[in-house]
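Data block below; observations after.
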Amino acid sequence: MNVPFVDLPKQIEIFKKDLEPVIREVMFQRADFIMRQDLLDFEKAFAGYIGAAHAVGVANGSDALNLCLSALGIVPGDEVITVAHTFVATIAAIHHCGAIPVLVDVADDYNIDVRLIEPAVTKKTKAIMVVHLNGRTCDMDPILEIASRRKLAVIEDSAQGIGALYKGKKAGSFGVMSTNSFYPFKILGCFGDGGMIVTNDKTLDYTLRCLRDNGQDRTKGDILYYGWNSRLDNLQAAILNTMMPYLPDMIKRRRAVARRYQEGLRGIGDIRLPPYNSDDTFVDSFQNYVIRTSRRDALQKYLREHDIGTLISWPVPNHRHRNLQLDHFFLPNTEAISREVLSLPMHPALTDGEVAYVIDITRQFYR
Ligand SMILES: Cc1ncc(COP(=O)(O)O)c(C=O)c1O
């Protein structure tokens with residue numbers, strides 16, 4: 001058996017029949033490519049799904065972060081608190097607006113350790129950029145409480161958070177703005193790059209719409225900002241909107257796969273499984289199913305020899321990449337995690353047989 005980490009052709013089969021006529025119509029009949037009705041329709045559907053008032057389609061999840069910080073008015077010298085255990089784009093966005101990334105450690109659920117946020121706040125701190133990693137939300141209540149007391153903005157990097165719930169509310173619905181990525185490996189992935197910013201703030205929505213379109217308000221003919229060309233392609237929006245009705249079932253399947261892993265891998269070797277809560281505070285959407293083990297590299301090799309694909313996010317933590325000039329941060333849990341984590345195959349088209357095979361080979365390794 002061959003079980004790749006993700007299997008895009010098999011995943012696309014889920015909605016292929018629906019997508020083919022949509023692509024044909026948008027491309028060949030309407031030739032609707034930039035900022036057309038499909039984009040507006042998808043923005044509306046996505047905002048509704050998250051439970052927010054507005055959504056602005058942008059070119060990718062990295063640009064979404066850049067535009068959020070720009071819309072907030074973050075300027076050189078400001079500090080933004082975030083984590084090192086994230087995709088580098090989170091930290092790069094802070095750097096790109098001239099601000100200073102202040103990195104704090106993560107807890108054992110791979111998300112920001114809320115106890116470390118307040119000690120990192122200074123007079124220069126303007127925002128906390130939380131990252132909902134692996135399809136699990138951060139512990140939002142204490143984060144929102146600190147932010148409100150210290151007058152800081154909260155931005156959620158929800159590139160990996162779509163569908164995750166915290167006390168019944170969706171990831172991406174807590175901060176002043178939240179960002180999403182539709183990179184093909186993501187829970188909702190398009191046929192290329194794509195991203196979205198979600199907000200309840202009408203003024204920010206307007207600013208973001210201008211910023212993504214070279215700073216222009218096309219209806220008035222005004223140029224209000226130095227902006228970017230960072231629009232979500234209309235064709236990608238049409239594709240994503242066609243996938244939207246499948247999203248709840250795709251997440252349900254991820255949760256079912258996670259449950260099988262959880263049952264099949266409990267108590268094996270020194271494997272540490274993702275946190276599972278008995279109450280409904282956190283309901284994860286499993287962008288990734290991440291295990292921890294001191295024998296990570298050997299396990300990955302063994303799984304590869306048995307045609308099982310895995311992913312390490314990330315073998316070298318961001319603050320250990322010398323050219324990023326972040327190595328003054330002391331982040332012991334982030335470093336331990338980087339040595340020990342392994343993401344197992346996880347996507348909605350995984351069969352029970354494939355999951356059982358991954359569990360069997362993992363058990364075999366520890367025997
Ligand atoms: C946590 C996180 N933030 C930001 C991004 C950037 O998204 P994109 O690849 O769409 O630019 C990603 C994508 O991998 C991510 O995982």
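Only the coordinates and a few stated rules stand behind these numbers; no lab work does. Quick caveat: nothing in here was measured; it's all calculated off a predicted structure. Counting neighbours? That spans all protein chains shown, and the Cβs are built from the backbone with ideal geometry, glycine included.
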Item to check | Helical mean residue ellipticity (222 nm; -39500 (n - 2.57) per DSSP H run of 4+; nearest 500) of the chain | outcome: -11500 deg cm²/dmol
Item to check | Point-charge dipole on Cβ atoms (K/R +1, D/E -1) for the chain, about Cα centre, debye to 20 | outcome: 220
Checklist entry - Mean separation of Cα pairs under 8 Å and 6+ residues apart, divided by the residue count of the stretch 247-366: what relative contact order is that in percent? => result 36
Next on the checklist: Just to be sure I understand the model, the point goes 7 Å from the Cα along the line to the Cβ. What's the resulting Tyr226 to Lys16 distance in nm?
Outcome noted: 4.8
Checklist outcome for this item: Rg from C-alpha atoms of the chain, normalised by the globular rule of thumb 2.2 N^0.38 Å, equals 0.99
Checklist entry - Among the DSSP beta bridges whose two residues both lie in the stretch 8-245, what percent are antiparallel, rounded to the nearest 5? => result 50
Checklist entry - Rounded, prolate or oblate: which one fits the stretch 59-99, using the alpha carbon gyration tensor with axes a ≥ b ≥ c (rounded when a/c is under 1.5, else prolate when a/b beats b/c, else oblate)? => result oblate
Checklist entry - Under a plain spin-label model, where a point goes 7 Å from the Cα along Cα-to-Cβ, how far apart in nm are Arg322 and Arg255? => result 4.7
Item to check | Spin-label model distance (nm) - Ala45 vs Asp297, 7 Å beyond Cα toward Cβ | outcome: 4.5
Next on the checklist: Using 22 Å as the Cα-Cα cut-off, could you pick out the over-long pairs in Lys44/Lys186; Lys16/Lys170; Lys124/Lys170?
Outcome noted: Lys16/Lys170; Lys124/Lys170
Item to check | Fewest-first ranking of His347, His132, His306, using other Cβ atoms within 10 Å as the exposure measure | outcome: His306, His347, His132
Next on the checklist: Quick one: 3J(HN,Hα) in Hz for the stretch 287-300, Karplus 6.51/-1.76/1.60 with θ = phi - 60°, rounded, Gly and Pro as x.
Outcome noted: 3, 9, 10, 10, 10, 10, 7, 6, 9, 3, 5, 5, 5, 4
Checklist entry - How compact and how long is the stretch 247-366, expressed as Rg and Dmax of its alpha-carbon atoms in Å? => result 15.6, 46
Checklist outcome for this item: Per its Cα gyration tensor (rounded if a/c is under 1.5, else prolate when a/b beats b/c, else oblate), the stretch 151-215 is best filed as oblate
Next on the checklist: If packing is taken as the average count of other Cβ atoms within 10 Å, what order do 142-150, 194-202 fall into, highest mean first?
Outcome noted: 194-202, 142-150
Item to check | Likely footprinting exposure, Ile271, Ile155, Ile34, Ile187, fewest C-beta neighbours within 10 Å first | outcome: Ile34, Ile271, Ile187, Ile155
Checklist entry - So how do Glu305, Glu340 line up by other beta-carbon neighbours within 10 Å, fewest first? => result Glu305, Glu340
Next on the checklist: What's the ranking of 208-214, 326-332, 135-141 by average number of surrounding C-beta atoms within 10 Å, highest first?
Outcome noted: 135-141, 208-214, 326-332
Item to check | the stretch 1-82: C-alpha gyration tensor shape, a/c 1.5 cut-off, then a/b vs b/c | outcome: oblate
